[in-house]
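Comments concern the structure below.
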Amino acid sequence: MADYVKVFNLENSIEVCFYIDHSKPFAIGEKMNEICEEAYMNGYNWEALFNYYLKMNAPELLVGFGSDPEANMYVAYYELSPENEKKVKKFAEIITHLVENEEELYSLVRDHSDEIEWD
């Protein structure tokens, strides 16, 4: 797994942390902001983007999930269970895939920015 995405098992929950101030996601966020002024990629706008992306591509990951966006980080969490461990792993894979295939993110912003509920 990329060093900008980490999965943590806590006492009662499991979470995926996306460190958006890591150099690669940060550079991608700057490019996304150039494409769309509203896409200032703080944690809240990564949340908006992921909510849109998951709704379209993996809606099952939105079931039972919460999030905690911050200025330099995005966290998604679920209650600890074997099923939710699979969800977190899948979500971490999606984040990594999108960052490693950044053109998908740029296309998403170009083609759907008016449908994303930016912060």
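What follows draws every value from the coordinates through simple rules; no lab data is involved. Keep in mind it's a predicted model, so treat the numbers as computed, not measured. Cβ coordinates were reconstructed from backbone atoms using ideal geometry, including for glycine residues, and neighbour counts include every protein chain displayed.
Odds and ends about this structure:
- Selected residue (criterion: nearest to Ser81 (Cα to Cα)) from residues of segment 1-46 that are assigned to a helix (DSSP H, G or I) and among the hydrophobic types (A, V, I, L, M, F, W, C): Trp46
- Checking Ala76 against (1) within 23 Å of Glu115 (Cα to Cα); (2) surrounded by fewer than 15 Cβ atoms within 10 Å (Cβ to Cβ); (3) touching a residue at least 12 places away in the same chain (Cβ under 8 Å); (4) not acidic (Asp, Glu), the condition it does not meet: (2)
- Flag for Glu37 being free of Cβ contacts under 8 Å to residues at least 24 places away in the same chain and within 19 Å of Asp119 (Cα to Cα): yes
- Every residue from segment 51-101 that is in a helix (DSSP H, G or I), polar (S, T, N, Q) and over 16 Å from Lys24 (Cα atoms): Asn51, Asn57, Asn84
- Test: residue in segment 80-102 that is touching a residue at least 12 places away in the same chain (Cβ under 8 Å), under 19 Å from Asp119 (Cα atoms) and surrounded by fewer than 19 Cβ atoms within 10 Å (Cβ to Cβ): no
- Segment 44-73, subset out of contact with any helix residue (DSSP H, G or I) (no Cβ under 7 Å at 6 or more places or on another chain) and among the small types (Gly, Ala, Ser), residue surrounded by the fewest Cβ atoms within 10 Å (Cβ to Cβ): Gly66
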